[in-house]
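**Student:** First the structure, which I've put down as structure tokens, then a few questions once you've had a look.
Values quoted throughout were computed directly from the atomic coordinates according to the rules given, and no laboratory measurement underlies them. Quantities reported herein were computed from a predicted structural model and do not represent experimental measurements. Using ideal geometry, Cβ is built from the backbone for each residue, glycine included, and neighbour counts are taken over all protein chains shown.
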Amino acid sequence: MVIELTEFHSRRAFLRIIEAFISVLLILGVVLVIISKHNAVSGSGDELKVLQEHILNQVAQDGKLRGQVLSGEVSGVETIIQNSLPENYNYSVNICNLGEACGLASYPNVEVYSSELVISANLTSYDPKVLKLFFWKI
């Protein structure tokens with residue numbers, strides 16, 4: 001009889017341990033889902049930075065686009081941006097001389113993400129320019 005009571009208590013204790021473990025896992029799962037959703041909403045800046053770097057790498061590798069930037073033309077860069085930027089974002093492209101401070105004429109009252117690329121020369125000319133991209137949520 002004593003053996004049966006001990007088995008009963010050890011089974012009951014084991015079930016309580018399993019219940020507690022499952023409860024902790026459920027709470028941890030809910031917390032992780034909440035954290036991941038928060039990071040997805042606030043992580044858009046990282047995605048914009050990656051997009052800006054991708055666009056700047058395309059410009060750096062394309063001789064025609066580099067030539068356009070050196071001549072002050074932004075239409076090729078704007079075409080790439082319009083094809084890859086999500087609809088709820090706006091952008092601005094500036095081309096400045098090297099060493100010159102250049103930004104937006106007026107900044108919107110939201111977070112603005114910027115990246116820049118220095119293009120120094122192509123085969124025909126040496127006139128260093130800075131290509132700056134500005135992205136922000138509408």
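**Student:** Across the chain, how many lysine pairs separated by 8 or more positions, or lying on different chains, have Cα atoms within less than 27 Å?
**Tutor:** 9
**Student:** Sticking with this structure for a sec: For each of 102, 96, count neighbouring Cβ atoms within 10 Å of the residue's Cβ, then give the residues from fewest to most.
**Tutor:** Going from least to most buried by this count: 102, 96.
**Student:** If you take the beta carbon distance between residue 9 and residue 30 as r and set R0 to 41 Å, what does 1/(1 + (r/R0)^6) give as a FRET efficiency, to the nearest 0.05?
**Tutor:** 0.80
**Student:** While we're on this one: List residues of the stretch 47-67, by number, whose backbone nitrogen lies under 13 Å from a label position 7 Å along Cα→C-beta of residue 111.
**Tutor:** Counting backbone N atoms under 13 Å from the label point, the list is 47-50.
**Student:** Karplus couplings for the stretch 101-113 from phi (6.51 cos²θ - 1.76 cosθ + 1.60, θ = phi - 60°), rounded to Hz, Gly and Pro as x?
**Tutor:** 6, 9, x, 7, 5, 9, 8, x, 8, 9, 5, 10, 9
**Student:** Based on the Cβ-Cβ distance of residue 78 and residue 126, what FRET efficiency does E = 1/(1 + (r/R0)^6) give at R0 = 30 Å, to the nearest 0.05?
**Tutor:** In this case the efficiency is close to 0.75.
**Student:** If you don't mind, another one. Provide 107, 113 in ascending order of the number of other Cβ atoms located within 10 Å of each residue's Cβ, fewest first.
**Tutor:** Working: 107 12, 113 19.
Listing 107, 113 from fewest to most nearby Cβ atoms yields 107, 113.
**Student:** Can you put 6, 124 in order, fewest other beta carbons within 10 Å first? It would help to have the intermediate numbers written out before the result.
**Tutor:** Values: 6 10, 124 7.
Ranking 6, 124 by Cβ neighbours within 10 Å, fewest first, gives 124, 6.
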